[in-house]
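Reviewing the structure listed below.
Readers should treat all values here as calculations from the given coordinates under stated rules, not as data from a laboratory. On a predicted model such as this, the values are computed, not experimentally measured, just so you know. Methodologically, a virtual Cβ is constructed for each residue, glycine included, from the backbone with ideal geometry; neighbour enumeration extends over all protein chains shown.
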Amino acid sequence: MTIRRLNHIFQPDGRALIVALDHGLIDGPAAGLENPASVLAQIVAGGADAILTSYGVATRFAREIAPLGLILRLDGGGTKLGQIGPGSQFYTVADALRLGADAVALSAFPGAAAEETTLHTLAKVIGEAHRWGLPVMAEMVPGGFDSGPEFRTAESIALSARVAAELGADWVKIPYAEGFARVTSTCYVPAVILGGAKKGDEKMMLTTIRAALDAGARGVAIGRNIFQAENPAAMTAAIAALIHEDASVDEALALV
């Protein structure tokens with residue numbers, strides 16, 4: 001069952017283009033995500049493999065999501081109106097199974113004040129999910145989302161990724177850093193890179209993805225750099241070409 005579900009996310013080449021559409025949990029109607037149905041149609045047209053999204057989107061837009069693998073975020077941590085905390089578990093494995101999710105996702109923050117709490121929640125959910133054959137993506141963010149550059153090093157990311165693997169995660173979503181081969185060579189489960197804030201330079205973003213893939217990454221889990229693009233379908237297609245066709249940066253950029 002786990003393999004069948006993973007095959008809805010990772011393609012036969014072992015790679016995945018995951019579009020992160022969970023930003024509404026913090027930002028509400030985030031720019032580019034005002035109309036989820038429209039975004040979903042565009043990323044499907046562009047060749048996305050799966051989405052990471054919220055319970056609400058998964059519930060209300062099931063028809064639009066049907067062509068995609070579904071990764072349900074189980075945790076949350078406040079909104080931008082207040083104070084965004086380290087996150088806690090909001091939904092259960094049973095909720096994910098009821099929605100037909102192919103996997104679930106949680107975040108953990110090695111090095112942050114809430115390190116142990118987030119790792120404990122991640123481990124607890126992994127144990128429960130695996131009892132039902134449901135894969136888990138661990139989003140490992142060293143130091144937390146607002147951490148400084150001292151946490152965004154290959155060494156810190158490699159430690160965080162390996163901890164997720166040791167806890168039983170099926171794959172990890174992690175930041176990219178120079179020397180990324182150190183991360184992929186010591187993490188024995190697939191690693192996909194996150195996108196972070198929208199970058200003004202599309203070529204720079206595509207270059208980062210190409211470098212990550214060349215260093216052993218198995219894909220991406222990117223949101224704002226896709227749904228806030230001028231043409232989300234074209235941007236999805238460009239990233240898909242990098243991931244599944246081993247296109248060069250210039251070949252991918254030509255699709256945008």
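Highest mean first, the peptides 96-105, 115-124 sorted by other C-beta atoms within 10 Å per residue fall in the order 96-105, 115-124. Fully extending the segment from A181 to N7, taken as 0.36 nm per residue of separation minus the present Cα-Cα distance, adds 60.2 nm.
Model label sites at S38 and D246, defined 7 Å from Cα along the beta-carbon direction, differ in position by 3.9 nm.
How high is the FRET efficiency from A234 to E116, r the C-beta distance, R0 41 Å, rounded to 0.05?
It comes out at approximately 0.45.
Computed 3J(HN,Hα) for region 129-140, one whole-Hz value per residue from the Karplus formula 6.51 cos²θ - 1.76 cosθ + 1.60 where θ = phi - 60°, is 4, 5, 5, 10, x, 9, x, 10, 9, 9, 8, 9, glycine and proline marked x. Counting DSSP beta bridges in the chain, what percent are antiparallel, to the nearest 5? Restricted to the chain, the bridges split so that about 5 percent are antiparallel.
Quick one: if the Förster radius is 35 Å, what FRET efficiency do K199 and R98 give, using the C-beta to C-beta distance and rounding to 0.05? The partial results should precede the final answer.
Numbers: r = 37 Å, r/R0 = 1.05.
About 0.45, to the nearest 0.05.
Cβ under 9 Å from A103's Cβ, A103 left aside: what net charge do those residues give with Lys, Arg +1 and Asp, Glu -1?
On the way: positive: R5; negative: D102, D170.
Computed value for this residue: -1.
Give me the log10 of I(q) over I(0) for region 61-102 at q = 0.23 Å⁻¹, as the Debye formula computes it from C-alpha points; what are the numbers? Ignoring solvent entirely, the Cα scatterers give -0.81.
Our Cα-only numbers for region 169-220 put the radius of gyration and Dmax at 10.8, 33 Å.
Using a 10 Å cut-off around each Cβ, can you sort F145, F10 from fewest to most neighbouring Cβ atoms?
On the way: F145 15, F10 23.
Placing the least packed residue first, the sequence is F145, F10.
Residues whose amide H lies under 5 Å from that of E139, counting only those 5 or more places away or on a different chain, are L106, S107, A108, K173; hydrogens are built 1.01 Å from N in the peptide plane.
Spatially close Lys pairs in the chain, defined by Cα atoms under 19 Å apart and a spacing of eight or more places or different chains, total 4.
Counting neighbouring Cβ atoms within 10 Å and putting the fewest first, the residues W132, W171 line up as W132, W171. For the chain, averaging the sequence separation of C-alpha pairs within contact (under 8 Å, six or more residues apart) and dividing by the residue count gives a relative contact order of 19 percent. Between region 6-66 and region 190-256, the alpha-carbon centres lie 16 Å apart.
Hey, can you rank 137-144, 194-201 by average C-beta count inside 10 Å, highest first?
On the way: 137-144: 25.9, 194-201: 14.2.
Going by the mean number of other Cβ atoms within 10 Å, highest first, we get 137-144, 194-201.
Here the relative contact order of region 137-239, from alpha carbon pairs under 8 Å that lie six or more residues apart, stands at 23 percent.
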